[in-house]
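Note sheet for the following structure.
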Amino acid sequence: MKKYILIIAVLLLTGSNLFSQAPQKIGFVDSQIIFAQFPEAIKAQGDLDAIIGKWNSTIDSMTQVYQQKIADYQKQSTTMTEAKKQEFQKKIVELEQTIVDFRKEKFTQGTGEVYQKQEQLIKPVKEKIFKAIGEIAKEENMQFVFDKTGDVVLLYADTAFDVTYKVLDKLKRGK
């Protein structure tokens, strides 16, 4: 739905200038191709994948230890005293909580360390890409550049078409 609204808005903007001297130019990029072929993006993604792989290996190791403790408990529980059982159960619960906490710390959506690392590694690459898109748009006299991957996303817009403050003014005046 957003895609169609954005396309309609662009058509309206470009259509209103139908009788002007210069035709409007709109371009697009495929960001998946850029990220798949730009060496800096490939390296940043590889570095991020390596970090994630290391954390997943840690989780796998912790899970094996946890599963081994459960197996040991099941084998020995019949011969344990009640106090020993409770101590063993406590250790198992602590191991499980350690795994949960580690997973949360590393992978929680938005706040996990993986998102911080992604921001740290990928943000400079994105900034370079956006700068290059802006430069190409200006060289080619394009007013808008979209990303055709997934939902249509506006990556560059000529500021001459920005009506934000006109809309805000109209809203504030109540007309």
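Screening Ile51 against (1) closer than 30 Å to Tyr156 by Cα; (2) touching a residue at least 40 places away in the same chain (Cβ under 8 Å); (3) touching a Leu at 6+ places or on another chain (Cβ under 9 Å) leaves a single unmet condition, (1). The residue that is modelled with the lowest pLDDT, among those in segment 14-55 that are β-branched (Val, Ile, Thr) and not in a strand (DSSP E or B), is Thr14. Tell me yes or no: at least one residue of segment 79-92 is among the aliphatic types (A, V, I, L, M), surrounded by 14 or more Cβ atoms within 10 Å (Cβ to Cβ) and part of a helix (DSSP H, G or I). Yes, segment 79-92 contains a residue that is among the aliphatic types (A, V, I, L, M), surrounded by 14 or more Cβ atoms within 10 Å (Cβ to Cβ) and part of a helix (DSSP H, G or I).
Take Glu105 and tell me if it is under 22 Å from the mean Cα position of the chain (by Cα) and modelled with pLDDT of 95 or more.
The answer is yes for Glu105.
Quick check: is even one residue across segment 137-155 closer than 26 Å to Gly53 by Cβ and not β-branched (Val, Ile, Thr)? Talk me through it step by step, then tell me what you get.
To start, the set of residues in segment 137-155 that are closer than 26 Å to Gly53 by Cβ comprises 149-150.
Retained after the next criterion (residues that are not β-branched (Val, Ile, Thr)): 150.
Among the residues of segment 137-155, at least one is closer than 26 Å to Gly53 by Cβ and not β-branched (Val, Ile, Thr), which makes the answer yes.
Only residues that are in contact with a Ser or Thr (Cβ under 9 Å, 6 or more places away or on another chain) and polar (S, T, N, Q) were counted across segment 58-87, and they come to 0. Looking across Val125, Val93, Val100, one residue alone is more than 29 Å from the chain's Cα centre (by Cα), at pLDDT 90 or above and of a type in the set (Val, Ile, Thr). It is Val93.
The values are calculated or read from the model by the stated rules, or taken from the named source; none is laboratory data. Just so we're clear, the structure is a prediction, and the values are computed from it rather than from any experiment. Heads up, the Cβs are rebuilt from the backbone with ideal geometry, glycines too, and the neighbour counts pull from every protein chain shown.
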